[in-house]
Amino acid sequence: MARIAVLPDVLVDQIAAGEVVERPASVVKELVENALDAGAARVDVAIEGGGIALLSVSDDGCGMDPEDARLALERHATSKVRTAEDLGRIGSLGFRGEALPSIASVARLVLTTSPDASGLGTEVVADRGAEPVVRPVRQTKGTRVVVEDLFGNVPARRKYLKSQDAEQRAIVKTLTALALSRPGVAFTLRAGERELLALPAAPSVLDRFVEVMGRGALTGALPVTYAYAGMSLSGAVSPPETTFASRTFQWLYVNGRAARDGSVAHAARLAAEEALLGERSPAWVLFVTVPPEKVDPNVHPQKSEVRFLEPSSVHSLVHRGLRDALAGGKTATALPASVLSEPYARPASWGDAPPAATALAESLGLWDAAGGAGIAGAAGAPAFARAGNVPAPFALQAAHAAWEAAPSAASVASPVGALRLLGQYRESYLVAEGADGLVLVDQHVAHERVRFERIRDRLEGQGLASQVLLSPVTFEAAPEEADALSRADAVLSSAGFSVSELSGRLFVVSAAPADCPAEKVVGVLRDLLGRLSDAAETVGSRGAESVSKMKDALAASLACRGAITVNRRLAPEEAARLLSDLSTCRDPWTCPHGRPILLTLAHAEVRKRFGRSSG
């Protein structure tokens, strides 16, 4: 008896569906790509039950006649490839002819289409691998595909789908990426009666980018234009002053198709690090255009990855182009109007700064208005020296004297035992001497850890203190943010936020955490939503683990925003208090994101480096 057998067509289609259809978002991607390839100027998507129960995609593209409609449900039937040579110059989004038959093998699919404005069309019904039924119907020009009960006949696949909320988030993310790739096309997305996305046709990528990010929430977006080695880079990036805690708002397209590539991702991160000199990420949408023969778009079953013939050249293109765009968007930092509100009255003396200069120093964190002294707080030290009004050597001597004179610097509690504070390195790292060696402490991440644990404890108790804003803040959320806001009331409330939906993606914030300035409310909220979204993707949306992760993300976001920054001078008393607080933390060794807080250098190692000891 033969052990090898030819599989039934239905089973073959279901296996193929495993490569093409992973979840409802995969179905949306395939159907919308077909609509765009058909020349649609408008695409409308509707879902129920996270797209598992039902999803439909309607377009006003070229449509199909009865014969084409029937053939569209056949495997490997496509209008986009005719010869092997065509694979080297593919310009369409879809081209393998597997999407519709693969979807039809694991769901009930109804395709209705018409090639003209006659009102006569064709309906094709394919129910879970059964023979398609074709009949004439009334239909306007274009195509509508309805998919019901996805994976209903393949329970082994269906049980691996995430919750309806998680699947809906994935659909929002997928459609947003497709909308960015085609700014001239209008898109809508509805979940039942709720409108999740409404993007009218935009004149340019820059306009669509701002539209997606939320008008008013992203101002001054920068165009990206660069050419190198016969390739080009175009798109848009957020200005240097607008950055985000995660890389959620970053989209890459290669020859018009959404794609992932490790080399490009590294180039973009490198450009951001060099231009912004920080750990936060800009938002960007980048279009890499290369000759078709120098990229293979068919290396992944879902066409989500590409392979470049010259990856190093593509890396240089993205790195240089994005870095130049970010660097070109830098401007002088605006100071508060109050800084220069008082006229310059008299020359500065060692102990008395002019009012305007005092305001400037206070705004930069260098002046204590209440005590009339520099933030270093040393009695008798030249106060205004810390605002940069005296030669550097005098300022440094004053700072050193402040640390030497401070009683609190003698012995400070810390996670590694008692320390003697020596000062600050680059106004970002505390330097101390311990029993076993030198200790360096990153002041930002140390304070972030202290704040994180305190906020986390409050979230487990009564929640965070909230303040009602005198003037409620209105902002337009990005699609993913709007979706998160619609289901995060409990989490946001525990954080001290009160957010209400006005319409669509427009929200109003009427209350915020007590220690959050009004001008930072939107930034803090967007960071929080980004972290919540990342946490939801990691653990899903079910059970106690999800709630705990959400609270961790919430605490980490608020802790980071309010922590002492780098490049800020601390008084010895402030540094001592920070180390003392850190010593009481449950985990004083890393910040909430996993970065180290303390570095030590043993006395023996110092002696060895200076040739004074061999061990």
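Values quoted throughout were computed directly from the atomic coordinates according to the rules given, and no laboratory measurement underlies them. What you see is a predicted model, and the numbers here were worked out from it, not measured in a lab. Glycine gets a Cβ as well: all are built from the backbone with ideal geometry, and neighbour counts include every protein chain shown.
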Study note, to complete from the structure: Cβ density ranking, 10 Å radius, fewest first, applied to Leu578, Leu554, Leu422 yields Leu422, Leu578, Leu554
Review point. Quick one: Cα convex hull volume of the stretch 406-615, Å³ per residue?
Key: 151
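Once you list every other residue whose beta carbon is under 14 Å from the beta carbon of Phe308, what net charge do they have if Lys and Arg are +1 and Asp and Glu are -1?
-1
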Revision key, fill the gap. Tyr226 neighbourhood, Cβ < 13 Å, K/R = +1, D/E = -1, net charge +1
Check your understanding: Looking at the stretch 205-328, what % of its DSSP beta bridges pair antiparallel, to the nearest 5?
Key -> 75
Study note, to complete from the structure: Violations at 24 Å Cα threshold for listed pairs Lys29/Lys549; Lys141/Lys162; Lys162/Lys549 -> Lys29/Lys549; Lys141/Lys162
Revision key, fill the gap. 1/(1 + (r/R0)^6) with r = Cβ-Cβ of Glu273 and Val137, R0 = 41 Å, i.e. FRET efficiency to nearest 0.05, evaluates to 0.15
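Of the listed peptides 305-318, 591-604, 31-44, what is their order by residue-averaged count of other C-beta atoms within 10 Å, with the highest listed first?
Ranked by mean Cβ neighbours within 10 Å, highest first: 31-44, 305-318, 591-604.
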Exercise for review: Return the FRET efficiency for the residue pair Ala117, Val508: r is the Cβ-Cβ distance, R0 is 41 Å, and the value is rounded to the nearest 0.05.
Suggested key: 0.40
Point to revise | Protection-proxy order for peptides 243-255, 522-534, each taking the mean of Cβ atoms within 10 Å per residue, highest first | key: 522-534, 243-255
Revision key, fill the gap. Contour minus Cα-Cα span, Arg3 to Ala418, at 0.36 nm per residue, comes to 141.9 nm
Review point. Ordered by packing density, taken as the mean number of other Cβ atoms within 10 Å over each peptide's residues, highest first, how do 258-268, 465-475 rank?
Key: 258-268, 465-475
